[in-house]
Amino acid sequence: RAHSVPVLALLGNFHNLSEYAHLLTGDYPRRRVITMFGLTFSNLDNEVQFLRRSMRWVNQHDILVLDVPSAATESTDPAEIKRRDRLFTGGVPAPLAAWLASPLWRHCPQAEEVDFHWELETQCPVPGSYALHAVATVKSALRVDRRFSLFRLARYDPSQLAPCLSDLGWEELGAMLYGGDHSLRLYRKQSRVYGPTQARPTS
């Protein structure tokens, strides 16, 4: 039997999804699957606030699929992270740097050189995670150097990511590793949220 799949094109602010809840919920009982691929989740400035505020329109039993990079180490020591993370030690890949530099070349007409490097952020909203920021330095003989942070990539410790999302009302159902240091993780929305100090039912 053929099934029709409704398609909705929405032009809006990704960070304000809750404002479009009347378009996203519908008037029919249906479990929805929300996917965040292509490093969308790890590019957020604050993943916890996004799930708490921008995703408050979801219903119980809705499904969330996240594509997340794994942390290179469980250590919180910046020196150890820099030593163990292959992306950090290898520098910003040339194709990524060329893509990120495009708007700088267009809007900084006096630019003579654009150099990229990673900066490490360890004070992140999700416990056990850290983030790499691709920072560009625009150089010109006509003015002082200018620095722009153009890309954020967070990495997560799966053993700490699951309880963090559980406290936000998302139960982890399973995960599939791929690419060596990435995973697809499956979550289901629960009926209520238990804070980090609240007891969960035992039965």
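Kirkwood radius for region 1-115, taken over all pairs of different Cα atoms as the inverse mean of 1/r, rounds to 18.4 Å. Note on region 99-138: Cα convex hull, mean projected area over all directions, 3.5 nm². How high is the FRET efficiency between Met176 and Arg146 when r is their beta carbon distance and R₀ equals 25 Å, given to the nearest 0.05? After rounding, the FRET efficiency stands at 0.05. Assuming charge only on the beta carbon of Lys and Arg (+1) and of Asp and Glu (-1), the dipole of region 24-101 about its Cα centre is about 180 debye to the nearest 20.
Legend: P(r) of region 107-187 from all alpha carbon pair distances, 10 Å bins from 0, whole percents, reading 16, 32, 23, 16, 11, 1. Could you list the residues of region 42-58 with an amide nitrogen less than 19 Å from a label point located 7 Å from the Cα of Ala21 in the Cα-to-C-beta direction? Under 19 Å, as judged by backbone N against the label point of Ala21, lie 48-58 of region 42-58. Here's the picture: charge each Lys and Arg Cβ at +1 and each Asp and Glu Cβ at -1 in region 5-119, and of Leu87, Thr35, Pro69 the one pushed furthest to the positive end of that dipole is Thr35.
The residues of region 1-137 expose, per residue, 61 Å² of accessible area to a 1.4 Å probe. Ranking Glu172, Glu112 by solvent-accessible area of protein heavy atoms (1.4 Å probe, all protein chains present), from largest to smallest, gives Glu112, Glu172. Computed from the coordinates I sent, Cα extents along the principal axes in Å equals one of (i) 59, 47, 32; (ii) 55, 52, 28; (iii) 65, 40, 34. Tell me the label. Label (iii) holds the value from this structure.
Here the simple spin-label model places points 7 Å from the Cα toward Cβ, and for Thr73 and Arg188 these points are separated by 3.8 nm.
The values are calculated or read from the model by the stated rules, or taken from the named source; none is laboratory data. This is a predicted model, so every value here is computed, not measured. Cβ sites come from the backbone with ideal geometry, for glycine too, and all protein chains shown count toward neighbours. With ligands, DNA and RNA removed, areas are computed over all heavy atoms of the protein, side chains included. Shrake-Rupley method; radii C 1.70, N 1.55, O 1.52, S 1.80 Å.
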